[in-house]
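Engineer: I am attaching a structure below and will ask some questions about it afterwards.
The values are calculated or read from the model by the stated rules, or taken from the named source; none is laboratory data. Remember, it's a predicted structure, so these values are computed and weren't measured experimentally. In this analysis, Cβ positions are derived from the backbone assuming ideal geometry, glycine residues included, and neighbour counts consider all displayed protein chains. Please note that ligands, DNA and RNA were not included when accessible areas were found on the heavy atoms of the full protein model with its side chains. Shrake-Rupley method; radii C 1.70, N 1.55, O 1.52, S 1.80 Å.
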Amino acid sequence: MNDSTDRKPTRFELRLKQAKNPRCRKYKRLRAKKPVVELSPRRTNLQAVLEDIRSGDLAAPRYDPSLFGGSPLVKRGMGEVESVAKAAVFIAGAAVADAVESAKAVIERRKAKREEEANRVRHELNLALRRKYYAKEAERRHRQAEQLRAAMPPPSNPMPTPEALVHAYVHRHVSEEAAMRFGSLMIDLEEHVRRTVRHDGSRIVGNDGGVRAWLKKHCAELATHYHTCQRFKRKSQPDL
């Protein structure tokens, strides 16, 4: 029996951990993709036979001229017979291949139609099942949202001013400490902006647009360098 510590955390548990550590890095690091090995398509026995017919491998000479004598007349006659045999085999192979392709097209159309009908029925059944727990699921999401807001600690530092942000941005390349300071100010800004939400009575309906919207409204000098600001912020964040 596996230990409970080996259990994979649920999505809500991961979100709760992120809420308790708002200054940590949350984005997923990109992993190198494994090279995709291109496999040659498998051939059926019928396809192999048809390809051999078309390539002429099955229409090879079937006679030995020495058995019929070596006269030019016999050789010419047998050559004509061989040419006719090759043509007949090629025509028959082409006809069989066309018939096989037509049959495959009919089968694929019927299969697609059956799958479309099955997907429609499955969608209607799933929709009927989902309607039964819409209210319960909405209540669960609201309860989890309340837990996430309660678990989120208050900002560690005061809200940075636009002047302080611009000054730190201009001097970010002076030293490593200056770069980390600017990144730390961006983290402070994100903490405060994340807690700024809009209410509709007792219900939260959204926020004010995040860090980018705040920069456009209060610090237009840095709004055009949003991605650079985010890069220095991630550089200053510890891994979660």
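Engineer: Using beta carbons and a limit of 6 Å, which pairs, at least six apart or on different chains, have the first residue in segment 125-153 and in contact (Cβ under 8 Å) with a residue 24 or more places away in the chain and the second one open to solvent by 100 Å² or more (accessible area, probe 1.4 Å) and small (Gly, Ala, Ser)?
Structural biologist: none
Engineer: Suppose we keep only residues that are open to solvent by less than 50 Å² (accessible area, probe 1.4 Å), aliphatic (A, V, I, L, M) and under 30 Å from the mean Cα position of the chain (by Cα) within segment 118-165. Which one would you say is farthest from Pro22 (Cα to Cα)?
Structural biologist: In this case the residue turns out to be Ala118.
Engineer: Taking Arg149, is it at pLDDT below 90 and out of contact with any helix residue (DSSP H, G or I) (no Cβ under 9 Å at 6 or more places or on another chain)? Talk me through it step by step, then tell me what you get.
Structural biologist: Values: at pLDDT below 90: yes; out of contact with any helix residue (DSSP H, G or I) (no Cβ under 9 Å at 6 or more places or on another chain): no.
Taking the combined requirement at face value, the residue does not satisfy it.
Engineer: Taking segment 206-237 as the region of interest, how many residues are under 23 Å from Leu16 (Cβ atoms), at pLDDT below 85 and open to solvent by 70 Å² or more (accessible area, probe 1.4 Å)?
Structural biologist: Matching residues across segment 206-237 total 1.
Engineer: With respect to Ala87, is the statement that it is small (Gly, Ala, Ser), exposed (fewer than 10 other Cβ atoms within 10 Å of the Cβ) and either at pLDDT 70 or above or more than 38 Å from the chain's Cα centre (by Cα) (or both) true?
Structural biologist: no
Engineer: Report whether or not Glu80 is modelled with pLDDT under 70 and open to solvent by 50 Å² or more (accessible area, probe 1.4 Å).
Structural biologist: Taking the combined requirement at face value, the residue satisfies it.
Engineer: Among the residues of segment 110-127, is any touching a Cys at 6+ places or on another chain (Cβ under 6 Å) and either at negative phi or at pLDDT 80 or above (or both)?
Structural biologist: no
Engineer: While we're here: Given the residues Arg172, Arg203, which is the only one that is open to solvent by less than 50 Å² (accessible area, probe 1.4 Å), more than 23 Å from Lys17 (Cα to Cα) and either at pLDDT 85 or above or over 31 Å from the mean Cα position of the chain (by Cα) (or both)?
Structural biologist: Step by step, each of Arg172, Arg203 is checked, and only Arg172 is open to solvent by less than 50 Å² (accessible area, probe 1.4 Å), more than 23 Å from Lys17 (Cα to Cα) and either at pLDDT 85 or above or over 31 Å from the mean Cα position of the chain (by Cα) (or both).
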